[in-house]
Amino acid sequence: MTPAQAIIAKELRSFFVSPVVYVIGAIFLAVVGLMSYQAVANASNQALRLMQLQNTHAQLNLNEMIFRPLFQSMNLILMIILPLLTMRLFAEERKLRTFELLLTSPIGVNEIVSGKFLSVLIVYAGLLSLTGLIPLTLSAYATFDWNPILLGYLALFLQGALMLSIGLFRSEEHTSELQSH
């Protein structure tokens, strides 16, 4: 096992031992679920109105009516949720007084940072993959183009990775500021 893999395993254990990830995940999934329900209800109301006006079967673009607003809303939610995941990465080491031990170990700083980043990225990817149940469920009832949805999930993953890296940098910077005082 490489040092980065050991740090990833340690961080994942610490994530899932504390209730923080479960609370953050439940809030994230509940808000995304409510917003997707609202988007689906809005699309069905518009379909009913079009059917009443035209007396025919309404053809709606579900990618535009459901998934675009959902992905835009998930952007805003991630700006609130992801800093909650990253703020504890180096602060926990400081609180447990293992930060100096970690820095003086034979593990390089690059391995420490990459291990912590990949661990929080795995947690985020798990949360994001759980929201993938929304289009899978809707595909049982409607047909839509999967390419924009997959691209939207890729964009959310990359945006989340960017936000997580900024949060990790800020957590590390804040910890070094505290250590110097």
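Highest-first packing order for the peptide set 119-129, 12-22 is 119-129, 12-22, based on the mean count of other beta carbon atoms within 10 Å.
Take the Cα gyration tensor of the stretch 123-165, multiply each eigenvalue by 5, square-root it, and list the three semi-axes largest first, rounded to whole angstrom. It would help to have the intermediate numbers written out before the result.
Working: eigenvalues 104, 28, 4 Å².
Semi-axes (√(5λ), whole Å): 23, 12, 4.
Using helices alone, what [θ] at 222 nm do you get for the chain, with -39,500 (n - 2.57) per DSSP H run of 4 or more residues, divided over all residues and rounded to the nearest 500? All intermediate terms of the calculation are to be shown ahead of the outcome.
Numbers: 8 runs with 144 residues, N = 181.
Computed mean residue ellipticity for the chain: -27000 deg cm²/dmol.
Computed from backbone phi with θ = phi - 60° and the Karplus coefficients 6.51, -1.76 and 1.60, the 3J(HN,Hα) list for the stretch 22-33 is 5, 5, 4, x, 5, 5, 4, 5, 5, 5, 5, x Hz; x is used for glycine and proline.
In the chain, the longest principal axis of the Cα atoms and the axis of helix 146-180 are about 30 degrees apart.
Against the chain, whose longest principal axis is taken from its Cα atoms, helix 109-131 shows a tilt of about 20°.
Which is farthest toward the positive dipole end of the chain among L162, I8, F144, measuring Cα position about the Cα centre, with Cβ charges +1 (Lys, Arg) and -1 (Asp, Glu)? Of the listed residues, the answer is F144. To the nearest 10, the accessible area of L136 is 100 Å² with a 1.4 Å probe.
Which value, in debye to the nearest 20, gives the size of the charge dipole of the chain about its Cα centre, when Lys and Arg are +1 and Asp and Glu are -1 at the Cβ?
Details: 10 positive and 10 negative charges, 61 e Å.
In total the dipole reaches around 300 debye.
Maximal additional length on extending the F169-L60 stretch stands at 34.9 nm, based on 0.36 nm per residue less the C-alpha distance.
The L53 and L136 beta-carbon pair, evaluated with R₀ = 30 Å, returns a calculated FRET efficiency of approximately 0.45. Spin-label pair F157-L76: with each label point 7 Å from Cα along the Cα-Cβ axis, the two points sit 2.6 nm from one another.
The values are calculated or read from the model by the stated rules, or taken from the named source; none is laboratory data. Here the structure is a predicted model, which means the values were calculated and not measured. We place every Cβ from the backbone using ideal geometry, glycine too, and count neighbours over all the protein chains shown. Ligands, DNA and RNA are excluded from the accessible area calculation, which covers all protein heavy atoms including side chains. Shrake-Rupley method; radii C 1.70, N 1.55, O 1.52, S 1.80 Å.
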